[in-house]
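The values are calculated or read from the model by the stated rules, or taken from the named source; none is laboratory data. Every value quoted in this text rests on a predicted model; they were computed, and no experiment measured them. When we count neighbours, we look across all protein chains shown, and the Cβ atoms used for this are built from the backbone with ideal geometry, even at glycine.
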Amino acid sequence: MKAHTLETQSTITPAKALEFLKQGNERFVSNLKINRNLLQQANDTRENQWPFAVILSCIDSRTSAELIFDQGLGDIFSIRIAGNVVNTDIMGSLEFACKIAGSKLIVVLGHTNCGAIKGACDHVEMGNLTELLSKIQPAVYEERMTADISKRNSKNLEFVENVTSLNIKRSVKAIINRSYILEQMIEKGEIAIIGAKHNLETGSVEFLEDTWVSNKKAVKTQTS
Ligand SMILES: [Zn+2]
């Protein structure tokens, strides 16, 4: 398996990029790996890179994007921050990945049993973490399924998973709303964006198809 080149990257559509990730995750859960020579890939990409996707995921040690999607060097941009939240620096990184480096797909990847989400559910306050977790709070408040106030905390795993899904969806929307550059690229069909959730127990990634935004009409529906 060779590293991507400008030629291979330019033939990849957003839908094809999504397919690559789905196939990679299928290999991961089947304990199969594409045979790659990483040293060769390092050599092939020593001067430039043409990754087909950019993945915003959590720092959690069990959810490394390259591993769970079975990708090699030069295949994907990986942005990692606790709770896969969005800030200005992350927006800049996403714009670089798509507009400058040619990636075709943005994935916001959350995961089950996320410590950051649990912290937000429990309203933890500690040092700089307080500000980070405040970015997840809107998803906590948006959760309406759990009426019993005594069950709105990290001990209730169903509540945690609901907040996790809401947080993924909020990050997808925030990325479109906060970047004119990316919104334009989506409207033109040059890139697409989707949310996904990695199940730590099974290894499988569930793509949240209702978060897929790939053209003008979809942008309007998502942001309205
Ligand atoms: Zn996490």
Query raised in the report: Could we say that residue 124 is buried (at least 18 other Cβ atoms within 10 Å of the Cβ), at pLDDT 95 or above and on the phi < 0 side of the Ramachandran plot here?
Result: no
Requested in this report: Considering every residue within the stretch 174-192, establish whether at least one is in contact with a Leu (Cβ under 6 Å, 6 or more places away or on another chain) and either under 15 Å from residue 58 (Cα atoms) or part of a loop (DSSP other than H, G, I, E, B) (or both).
Outcome: no
Query raised in the report: Quick check: is even one residue across the stretch 81-96 within 16 Å of the ligand (Cβ to nearest atom), modelled with pLDDT of 95 or more and of a type in the set (D, E, K, R)?
Result: no
Query raised in the report: Which of the residues spanning the stretch 22-74 are at pLDDT below 95 and among the hydroxyl-bearing types (Ser, Thr, Tyr)?
Result: 45
Requested in this report: Please go through the stretch 91-141 and pick out each residue that is charged (D, E, K, R), within 20 Å of residue 170 (Cα to Cα) and under 20 Å from the mean Cα position of the chain (by Cα).
Outcome: 95, 118, 135
**Report entry** Single condition residue 176 does not satisfy, out of (1) away from the ligand (no atom under 16 Å from the Cβ); (2) among the hydrophobic types (A, V, I, L, M, F, W, C); (3) within 13 Å of the chain's Cα centre (by Cα)
**Finding:** (3)
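Which members of the stretch 33-67 meet the condition of being part of a loop (DSSP other than H, G, I, E, B), within 16 Å of the ligand (Cβ to nearest atom) and buried (at least 18 other Cβ atoms within 10 Å of the Cβ)?
Looking only at the stretch 33-67, we keep the residues that are part of a loop (DSSP other than H, G, I, E, B), and these are 33-37, 45-52, 58-64.
Subsequent filtering for residues that are within 16 Å of the ligand (Cβ to nearest atom) retains 58-64.
Within the stretch 33-67, 58, 60, 63 qualify.
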Query raised in the report: Does the stretch 99-106 contain any residue that is touching a helix residue (DSSP H, G or I) at 6+ places or on another chain (Cβ under 9 Å) and of a type in the set (Ser, Thr, Tyr)?
Result: yes
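Where residues in the stretch 97-113 are outside any loop (DSSP other than H, G, I, E, B) and more than 16 Å from the ligand (Cβ to nearest atom), which of them is nearest to residue 159 (Cα to Cα)?
Step one: filter the stretch 97-113 for residues outside any loop (DSSP other than H, G, I, E, B), giving 97-100, 105-111.
Imposing the further condition that a residue be more than 16 Å from the ligand (Cβ to nearest atom) reduces the set to 97-100, 105-106.
Numbers: 97: 33, 98: 34, 99: 37, 100: 39, 105: 29, 106: 26 Å.
Result: 106.
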Query raised in the report: Within the stretch 10-32, how many residues are surrounded by fewer than 19 Cβ atoms within 10 Å (Cβ to Cβ), under 16 Å from residue 67 (Cα atoms), in contact (Cβ under 8 Å) with a residue 60 or more places away in the chain and not hydrophobic (A, V, I, L, M, F, W, C)?
Result: 1
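Of the residues in the stretch 5-32, how many are among the hydroxyl-bearing types (Ser, Thr, Tyr) and either at positive phi or not in a helix (DSSP H, G or I) (or both)?
So in the stretch 5-32, the residues among the hydroxyl-bearing types (Ser, Thr, Tyr) come out as 5, 8, 10-11, 13, 30.
Then keep just the ones that are either at positive phi or not in a helix (DSSP H, G or I) (or both); that gives 5, 13, 30.
Residues flagged as among the hydroxyl-bearing types (Ser, Thr, Tyr) and either at positive phi or not in a helix (DSSP H, G or I) (or both) within the stretch 5-32 amount to 3.
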**Report entry** Every pair of residues 6+ apart whose Cβ atoms lie under 6 Å, when the first sits in the stretch 156-169 and is of a type in the set (Lys, Arg) while the second is surrounded by fewer than 21 Cβ atoms within 10 Å (Cβ to Cβ)
**Finding:** 169/211
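Residues checked against (1) away from the ligand (no atom under 16 Å from the Cβ); (2) not β-branched (Val, Ile, Thr):
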| site | (1), (2) |
| --- | --- |
| 120 | no, yes |
| 138 | yes, yes |
| 146 | yes, no |
| 154 | no, yes |
| 157 | no, yes |
| 166 | no, yes |
Query raised in the report: Checking residue 70 against (1) of a type in the set (Asp, Glu); (2) surrounded by 22 or more Cβ atoms within 10 Å (Cβ to Cβ); (3) within 15 Å of the ligand (Cβ to nearest atom), which test does it fail?
Result: (3)
